[in-house]
Amino acid sequence: QVQLVESGGGLVQAGGSLRLSCAASGRTSRSYAMGWFRQAPGKEREFVASITMSGGSTYYRNSMKGRFTISRDDAKNTVYLQMNSLKPEDTAVYYCAAAQTLVAVTTSPDYWGQGTQVTVSS
C-alpha cells in the first residue's frame with residue numbers, strides 16, 4: 001500500500017521555471033522507481049521521465065531532454081521534476097507514478113498521484 005502526494009504546480013509565464021515534488025508513503029519496497037506523466041485537455045496521457053530511487057538512474061522521453069530534469073531524495077522517498085524554459089504547450093495536469101523497475105513505471109505503474117495542474121501563459 002503506497003500513497004503518492006504531489007505539490008508544486010501553478011501558473012507561470014512562458015520561459016519561467018517550476019519544480020514539482022511527489023512524496024511516497026506507506027509500504028515502499030527496498031528498491032523501486034518513480035516517474036512523471038502529463039495529460040493536456042483532449043490529449044492522451046504521456047510519459048515524461050522516470051528514475052530509480054536507490055541508484056538514481058534516469059530515463060527521459062526524447063522531446064523532454066534539455067528542459068526537464070528528474071531527481072530524487074531517497075531518504076525522503078521524494079521525486080522531483082525541475083521544469084525550465086516552459087512553453088504554453090507544457091500546460092497539462094502532471095502525475096507522478098511508482099512501480100518496481102524503471103521500465104515498469106514507464107509502461108504500467110502500480111501507483112498514481114492525484115495530479116497537479118501546471119499552466120504556462122504566453
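The values are calculated or read from the model by the stated rules, or taken from the named source; none is laboratory data. Since we're looking at a predicted model, the values are computed, not measured. Methodologically, a virtual Cβ is constructed for each residue, glycine included, from the backbone with ideal geometry; neighbour enumeration extends over all protein chains shown. Note: accessible area is taken over every heavy atom of the protein model, side chains too, but ligands, DNA and RNA are not part of it. Shrake-Rupley method; radii C 1.70, N 1.55, O 1.52, S 1.80 Å.
Quick notes on this one:
- In segment 54-81, the qualifying residues are those that are part of a helix (DSSP H, G or I) and not aliphatic (A, V, I, L, M), and the one that is surrounded by the fewest Cβ atoms within 10 Å (Cβ to Cβ) is 62.
- Boolean, residue 90 is charged (D, E, K, R), under 15 Å from residue 37 (Cβ atoms) and open to solvent by less than 70 Å² (accessible area, probe 1.4 Å): yes
- Residue 11 fulfils the conditions (1) over 17 Å from residue 116 (Cβ atoms); (2) open to solvent by 40 Å² or more (accessible area, probe 1.4 Å) except for a single criterion, (1).
- Number of the condition not met by residue 41 [criteria: (1) over 13 Å from the mean Cα position of the chain (by Cα); (2) open to solvent by less than 40 Å² (accessible area, probe 1.4 Å)]: (2)
- Residue match in segment 94-116 (condition: open to solvent by less than 40 Å² (accessible area, probe 1.4 Å), outside any loop (DSSP other than H, G, I, E, B) and more than 24 Å from residue 25 (Cα to Cα)): no
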